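Here's the structure we're looking at; comments come further down.
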Amino acid sequence: ESTLGAAAAQSGRYFGVAIAANRLSDSTYASIAGREFNSVTAENEMKIDATEPNRGQFNFTNADRVYNWAVQNGKEVRGHTLAWHSQQPGWMQNLSGSSLRQAMIDHINGVMSHYKGKIAQWDVVNEAFADGSSGARRDSNLQRTGNDWIEVAFRTARAADPSAKLCYNDYNVENWTWAKTQAMYNMVKDFKSRGVPIDCVGFQSHFNSGSPYNSNFRTTLQQFAALGVDVAITELDIQGASPTTYAAVVNDCLAVSRCLGVTVWGVRDMDSWRSGDTPLLFNNDGSKKQAYTAVLNAL
Ligand code: XIL
C-alpha cells in the first residue's frame with residue numbers, strides 16, 4: 001500500500017492524525033493529511049474550553065471545521081475530550097461540588113448530542129490518574145466532586161450516544177510496570193465487573209527521554225484487551241522519531257487483535273506541540289521522514 005491509512009486498513013485498523021483547524025488552509029498540511037490518514041482527532045477544537053466557552057452556550061465552529069473536513073475526506077473521527085482537568089473554560093475552573101458535577105454532565109450531553117451517531121470513539125475522560133508511584137487519582141476540581149465522577153461521565157456518555165465507543169485516555173500508562181498503568185488497569189477491571197459502560201482505553205504514547213518506549217507496551221495492550229475492552233494508540237509522538245521505535249509501536253498494535261488503530265499527534269514536526277523534539281513522521285517541507293517509511297513497512 002502507498003499510504004498509512006490504506007496500509008492500516010489491510011488489517012481492519014486505521015492510521016489517524018491530530019488535526020488543527022487553523023492549519024487546514026496550509027496546502028502542504030492539508031494535502032498530506034488528506035492523503036495519508038483515515039482517522040482524525042481534533043487537536044484542541046473539541047475540548048471543553050472550545051466547545052462550551054460560556055456555561056450552557058455551546059460553540060462548535062472550529063470543532064465542526066475539523067469534523068467536516070474529516071468526513072468530506074472520507075475519514076472517521078475520534079472525539080477528544082469530554083471530561084478533563086485541563087483546558088477547562090474559566091467558568092468551569094471556578095466551579096466545585098455538585099454544580100461542577102452537573103456542569104460536567106451537561107457538557108457531555110451537549111457535545112455528544114451535537115455529534116450523535118457521528119463519532120467512532122469518544123475520549124470520555126482524559127488523564128484522571130496521578131503521575132509517579134502513588135497509583136492515586138490526580139487531584140483536580142473534578143476529582144474533588146467525588147471518586148465516582150469517572151463512572152458518572154461514562155454512564156452519561158453511553159446514554160447520550162449509544163453508537164460511540166467510549167474510551168478512557170491517559171499518558172505514562174504504556175509501561176506495564178508503572179504504578180499509573182496498574183491503577184488504570186484496576187479501574188477498568190472494576191468498571192467491567194460492575195457494568196460501568198467503557199469500551200476502550202487510549203494510550204497517548206508521548207514517548208521521550210523521561211517516559212521512553214518500553215517493549216512491555218505490548219504486554220500492557222494485551223492485558224487491557226483481556227479485560228474486554230478495545231485499545232488504541234491515541235496521540236503518538238516520539239522524541240527524535242526513531243524509525244525502529246515507531247515500527248515497534250505499530251507492531252505492538254498489530255499484535256493485539258483488539259488494537260483499533262494508531263493516531264499520531266500532528267502531521268509535520270512544525271505542527272507538533274513538542275516541535276523541538278522533531279517527533280513526527282513528516283519534515284517541515286512535507287517530505288517523508290525515515291520514521292514514515294518504517295511505519296508504512298510495519299503496517
Ligand atoms: C495538547 C495540544 O497538542 C496543544 O496544542 C495544546 O496547547 C495542549 O494540548 N494530552 C492530551 C492532548 O490529551 O489533548 C494534549 O494536546 C497533549 C497531551
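The values are calculated or read from the model by the stated rules, or taken from the named source; none is laboratory data. Since we're looking at a predicted model, the values are computed, not measured. As a convention, Cβ positions derive from the backbone with ideal geometry for all residues, glycine included, and neighbour counts pool all protein chains shown.
If you go through the range 233-250, how many residues are over 11 Å from GLN290 (Cα atoms) and of a type in the set (S, T, N, Q)?
Residues in the range 233-250 being over 11 Å from GLN290 (Cα atoms) and of a type in the set (S, T, N, Q): 3 in total.
Residue check: is ASP123 closer than 19 Å to VAL188 by Cβ and of a type in the set (D, E, K, R)? Working first, answer last.
Numbers: closer than 19 Å to VAL188 by Cβ: yes; of a type in the set (D, E, K, R): yes.
Criteria met by ASP123.
For ASP269, are the conditions met, namely being within 27 Å of VAL188 (Cβ to Cβ), modelled with pLDDT of 95 or more and of a type in the set (D, E, K, R)?
On the way: within 27 Å of VAL188 (Cβ to Cβ): no; modelled with pLDDT of 95 or more: yes; of a type in the set (D, E, K, R): yes.
When the stated conditions are applied, ASP269 does not pass them.
In the range 279-299, which residue that is in a helix (DSSP H, G or I) and among the hydrophobic types (A, V, I, L, M, F, W, C) is farthest from VAL267 (Cα to Cα)? Steps first, answer last, please.
Step one: of the range 279-299, the residues in a helix (DSSP H, G or I) are 290-298.
If we keep only those that are among the hydrophobic types (A, V, I, L, M, F, W, C) as well, we get 291, 294-296, 298.
Numbers: ALA291: 12, ALA294: 16, VAL295: 14, LEU296: 15, ALA298: 19 Å.
Checked the range 279-299; the qualifying residue farthest from VAL267 (Cα to Cα) is ALA298.
Return the total of residues in the range 171-222 being under 19 Å from the mean Cα position of the chain (by Cα), of a type in the set (Asp, Glu) and over 24 Å from SER272 (Cβ atoms).
The number of residues fulfilling the criteria is 1.
Residues are listed down the side, and each one gets a yes or a no for (1) away from the ligand (no atom under 16 Å from the Cβ); (2) without any contact (Cβ under 8 Å) to a residue 12 or more places away in the chain; (3) farther than 23 Å from VAL77 by Cα; (4) polar (S, T, N, Q):
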| site | (1), (2), (3), (4) |
| --- | --- |
| ASN214 | yes, no, yes, yes |
| ALA248 | yes, no, yes, no |
| CYS253 | yes, no, no, no |
| VAL256 | yes, no, no, no |
| VAL262 | no, no, no, no |
| TRP265 | no, no, no, no |
| SER275 | no, yes, yes, yes |
| THR278 | no, no, yes, yes |
| ASN283 | yes, no, yes, yes |
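What are the residues in the range 37-68 that are away from the ligand (no atom under 15 Å from the Cβ) and buried (at least 23 other Cβ atoms within 10 Å of the Cβ), if any?
To start, the set of residues in the range 37-68 that are away from the ligand (no atom under 15 Å from the Cβ) comprises 37-39, 52-61, 64-65, 67-68.
Selection gives PHE37, SER39, TYR67.
Within the range 93-128, can you find the residues that are more than 16 Å from the ligand (Cβ to nearest atom) and either of a type in the set (D, E, K, R) or part of a strand (DSSP E or B) (or both)?
ARG101, ASP106, LYS116, LYS118
Among the numbered criteria (1) within 16 Å of the ligand (Cβ to nearest atom); (2) closer than 30 Å to GLN290 by Cα; (3) in contact with a helix residue (DSSP H, G or I) (Cβ under 9 Å, 6 or more places away or on another chain), which single criterion is violated by ASP131?
Unmet for ASP131, out of (1) within 16 Å of the ligand (Cβ to nearest atom); (2) closer than 30 Å to GLN290 by Cα; (3) in contact with a helix residue (DSSP H, G or I) (Cβ under 9 Å, 6 or more places away or on another chain): (2).
Mind telling me which of the residues SER272, SER209, SER242, SER215 ends up being in contact with a Gly (Cβ under 6 Å, 6 or more places away or on another chain) and more than 23 Å from GLN10 (Cβ to Cβ)? Walk me through how you get there before you give the answer.
Details: SER209 fails: in contact with a Gly (Cβ under 6 Å, 6 or more places away or on another chain); SER242 fails: in contact with a Gly (Cβ under 6 Å, 6 or more places away or on another chain); SER215 fails: in contact with a Gly (Cβ under 6 Å, 6 or more places away or on another chain).
Of the residues listed, the single one that is in contact with a Gly (Cβ under 6 Å, 6 or more places away or on another chain) and more than 23 Å from GLN10 (Cβ to Cβ) is SER272.
Please go through (1) away from the ligand (no atom under 16 Å from the Cβ); (2) surrounded by fewer than 20 Cβ atoms within 10 Å (Cβ to Cβ); (3) of a type in the set (A, V, I, L, M) for MET270 and return the number of the only condition it doesn't satisfy.
Exception for MET270: condition (1).
When SER205 is evaluated against the numbered criteria (1) closer than 29 Å to LYS289 by Cβ; (2) in contact (Cβ under 8 Å) with a residue 60 or more places away in the chain; (3) surrounded by 19 or more Cβ atoms within 10 Å (Cβ to Cβ), which criterion, by number, is the only one it fails?
(2)
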